[in-house]
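First comes the structure, then the notes that go with it.
Throughout, read-outs are computed from the coordinates displayed, never taken from laboratory work. These numbers come from a predicted model, not from an experiment. Virtual Cβ from ideal backbone geometry, glycine too; neighbours counted across all protein chains shown.
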Amino acid sequence: MAQRTPSRGSSRNGDKALAEAAGLHRAGKLEKAEKAYRRILRRRPSDARALYYLGIAVHQRRRPREAVRHFRAALKGDADNPDIHRHLGLALKDLGQPAAAEQAYRDALAVAPDSPQILANLATVLKAQGRDDEALPALERAASLAPSSPAVLSACGHALREAGRLDEAEALHRRALAQRPDHAPSLTGLSAALWRKGRDDEAAQAAREAIAQAPQLAQAHLMLGNALRRLQQPQEAIAAFRAATEVAPEDPTPRIGLAEAAQDAGALETALHAGQQALRLQPDAESVHTVHGQTLYALRAAGHTERAQQEAAAWLRNHPESATAQHLAPPLMDAPPPERASGPYVRATFDAFAESFDERLGALDYSGPQLVTERLRAVRPGGAGSLLDIGCGTGLVGPMVRPLVERLEGLDLSPAMLARAAERNVYDALHEVDAQTFLDASEARWDVVIAADVLIYLGALEPLAAALAGALRADGLFIATTEETDDETWELQPSGRYRHNRHYLTAVLSKAGLVVEELDQVVLRREGDRPVEALVAVARHASG
């Protein structure tokens, strides 16, 4: 539970009740341990040690906000304890407050400057703030101070995984396990790294080994569920996510996984209940709203139209500020779908997935950047002067097209995605702005504009086509992918993405003065065993 025991006030007493509570805690009986700590605090409300241990217990039960209160109260009685500062930082990080977490870690280092574990924790929040140049030295120092400590190696591996350095993360977790094969946090971290690399069988095995050692570790159950979902074992995944919810009843993440696995299995009542519980726990998380919306669309597809309509109305009524509910609920209520995804919806969706975006697409065999680059190379073998990558995301296409152009700029609505794109160091400029707004306002004229998987967030394409016509040079190119539908124009899918009819796409671009020279049907990615059919278009601005 801790590296050091608080040393002031009543914590110096050899308190039998506290020792018994700590024993329950070490045995993984978190609920009983929490109750025991609270009984002690009713008698001694300022007991720093009991407050500290209670903070750890409630944090392990995924209630970081409450944990912060207990750690801060404990620090009033034991301000020089680095472990309390460190755990405060961990809780603040889980609350999405990296700057506050950083200060807590620095307070800990002021007392224990050579603590490798605190250095590793500090590196994680520095990375979260985009300060990689500071994070890396902290990681290297942590590993050099404790090259044989499983806890430190595991913490470093976690930080590297969050930084996207998956091979290094895997290696550190394996080094930790070489020192201590039963170290559950290292097994869990290894599972997460392997899952991010698409090695799902190995990820599931590592998670099972972690659970065998520490069944109270919610993250291990969660990783097992994630791996089993991708292995297309939805019933087994449901069981894993249920176990995670039992261990961490206040954490919405296992409930999101449970809802998704239940969707896979067709257990829509289970999915609906899990999504509603996740929304109760985290009502402001658009990623949770997305999963709930997908459940409602699945209900409608299964023939439960009236139920889906009622649930959609309740969803929008209870969460009127949610950009996702605004986007997905109206079509379920027989209202016309929005003509495009709103800026807040797109921003929230992609900010939530920026850290794992590349790995998620890799697991889907996503080919958008390759398709766009191949068309550009074929039609402009000598390259182009300027290229604008609209909806550039994390910049996946950037390194591919960079050798083909003299100037490369990108734009996106998600600041988190743009931060990842900047790390690639291939764009001459990046802009946080809507594509149509940028094209209308820009005085520049582009040789090429590309849109890999951007049109799927637009229904009606007429405004963008008009903006493109005004922004491309004569003979300039527009190269884009979109998913295909048999509907006459466009349709909104349960995923929140749009699909377009090939004849509609050609007509809209042609009316704006862009002649479609190529329109090929391709496989853009895979969803399970199902190929997602799409269109890749090459249109040329009419000269004159």
Are any of the pairs LYS35/LYS93; LYS16/LYS76; LYS29/LYS127; LYS35/LYS127; LYS32/LYS127 more than 29 Å apart by Cα-Cα distance, and if so, which? LYS29/LYS127; LYS35/LYS127; LYS32/LYS127
Using the Cα gyration tensor of segment 482-539, with a ≥ b ≥ c the square roots of its eigenvalues, what is the shape: rounded (a/c below 1.5), prolate (a/b larger than b/c) or oblate (neither)? oblate
Of LEU136, LEU411, THR373, which is farthest along the charge dipole of the chain in the positive direction, counting Lys and Arg as +1 and Asp and Glu as -1 at C-beta? LEU136
If I model a spin label at ARG65 and SER46 as a point 7 Å from the Cα along the Cα→Cβ vector, what separation in nanometres do I get? 2.8 nm
Mean Cα-pair separation over length for segment 362-541, i.e. relative contact order, pairs under 8 Å, 6 or more apart, %: 21 percent
Quick shape check on segment 362-541: root eigenvalues a ≥ b ≥ c of the Cα gyration tensor, a/c under 1.5 is rounded, otherwise prolate if a/b tops b/c, else oblate, and it reads rounded
Given charges at beta-carbon only (K, R positive; D, E negative), |dipole| of segment 362-541 in Debye: 420 debye
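Under a point-charge model restricted to the Cβ atoms of Lys and Arg (+1) and Asp and Glu (-1), what is the dipole moment magnitude of the chain relative to its Cα centre, in debye to the nearest 20?
2800 debye
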If the cut-off is 13 Å between C-alpha atoms, which aspartates and glutamates fall inside it for LYS197, apart from same-chain ones fewer than 8 positions away? GLU162, ASP167, GLU168, GLU170, ASP358, GLU359, ASP365
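What is the extension gain from LYS511 to ALA171, computed as 0.36 nm multiplied by their sequence separation minus the C-alpha to C-alpha distance, in nm to one decimal? Can you show the working numbers first?
Details: separation 340, 0.36 × 340 = 122.40 nm, distance 5.55 nm.
116.9 nm is the gain from fully extending LYS511 to ALA171.
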Rounded if a/c is under 1.5, else prolate if a/b beats b/c, else oblate: with a ≥ b ≥ c from the C-alpha gyration tensor eigenvalues square-rooted, which is segment 1-113? oblate
Which is farthest toward the positive dipole end of the chain among GLY393, ALA67, THR349, measuring Cα position about the Cα centre, with Cβ charges +1 (Lys, Arg) and -1 (Asp, Glu)? ALA67
